[in-house]
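Inspection log for the structure reproduced underneath, given as structure tokens.
The values are calculated or read from the model by the stated rules, or taken from the named source; none is laboratory data. Fair warning: this is a prediction, and the values are worked out from it, not measured in the lab. Counting neighbours? That spans all protein chains shown, and the Cβs are built from the backbone with ideal geometry, glycine included. Surface areas here come from the heavy atoms of the whole protein model, side chains and all, with no ligands, DNA or RNA. Shrake-Rupley method; radii C 1.70, N 1.55, O 1.52, S 1.80 Å.
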Amino acid sequence: MNTINIQEKKEHYIPILEKSGWKVVQDIVQSSLFDQILIKLIDQVSDNKRFTPKYKDIFNAFIECPYENLKVIMIGQDPYPQLGVADGISFSCSHTQKENPSLRYIFDELQQQYPNASRDPDLRRWSNQGVLMLNTALTVQVGKIGSHYSIWKEFIKVLFSYLNKRDDLIIVLLGKKAEEWEMMLNNNTILKVPHPASAAYKGGKWDSKNLFKEINNLLNQQGNNLITW
């Protein structure tokens, strides 16, 4: 793929990100940093290594959570590695409308705290309320967890540096990989819980440390609207 095609790929996202108010992401997309990300993804495809989610979905977490609404960031690691499942919003399963194991553990625990909470696998409803559902790798090679972590590392550094200029966000670090970024977000309130995939792998219950109620308690203390989980 040539430079002109790369520019077209970049320009696809500019008006969408501008509309959602994510100027920092828009600036990255317009930079040479994103050129390098695209080149690496193109090289993967050329080497017959498919990635997920589809390119048109990779920024859905930002598109569905307008920056002016941002209150909470939940940080995981990878999109679902199965082909056709990831939709660009971490843990969301809108394409399949079926709960992947991690999402099932999330919903099981959520309903312990809020028994009437929805189990709709499409998590755009959380995004629309100001919850950025983010993975620190926005893509992954199909069937190979962790494979694109390095591709997105510089993107995440720039993003977190920008977000840490704020001090009013609630940051949820899901698992050890997410906790590696703690110092880059430490101006904000940080909650650390195990990744729900750990429960999925081991069986048993996900220990969320009463996460969903804790987030709403903190939002209430800030005078913000609570999340309807």
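Side notes on the structure shown:
- Every condition in (1) within 29 Å of GLY223 (Cα to Cα); (2) in contact with a Lys or Arg (Cβ under 9 Å, 6 or more places away or on another chain) is met by ARG166 except one, and the failing one is (2).
- Only residues that are more than 20 Å from VAL45 (Cβ to Cβ) and either more than 14 Å from the chain's Cα centre (by Cα) or open to solvent by less than 50 Å² (accessible area, probe 1.4 Å) (or both) were counted across the range 126-156, and they come to 11.
- Looking only at the range 157-188, residues that are open to solvent by 70 Å² or more (accessible area, probe 1.4 Å), charged (D, E, K, R) and either closer than 17 Å to PHE62 by Cβ or part of a loop (DSSP other than H, G, I, E, B) (or both) come to 4 in all.
- Residue pairs whose Cβ atoms lie under 6 Å apart, sitting 6 or more positions apart in sequence or on different chains, and linking a residue in the range 6-22 that is touching a residue at least 24 places away in the same chain (Cβ under 8 Å) to a partner that is of a type in the set (A, V, I, L, M, F, W, C) and open to solvent by 20 Å² or more (accessible area, probe 1.4 Å), are ILE16/ILE63; SER20/ILE63.
- Filter result for ILE151 (in contact (Cβ under 8 Å) with a residue 60 or more places away in the chain, in a loop (DSSP other than H, G, I, E, B) and not aromatic (Phe, Trp, Tyr)): yes
- Residue pairs meeting the criteria (Cβ under 6 Å; at least 6 apart or on separate chains; first within 20 Å of ASP78 (Cα to Cα), in the range 30-55; second outside any helix (DSSP H, G or I) and open to solvent by 90 Å² or more (accessible area, probe 1.4 Å)): ILE42/MET1; THR52/LEU83
- Within the range 189-229, tally of residues that are without any contact (Cβ under 8 Å) to a residue 40 or more places away in the chain, in a helix (DSSP H, G or I) and surrounded by fewer than 18 Cβ atoms within 10 Å (Cβ to Cβ): 7
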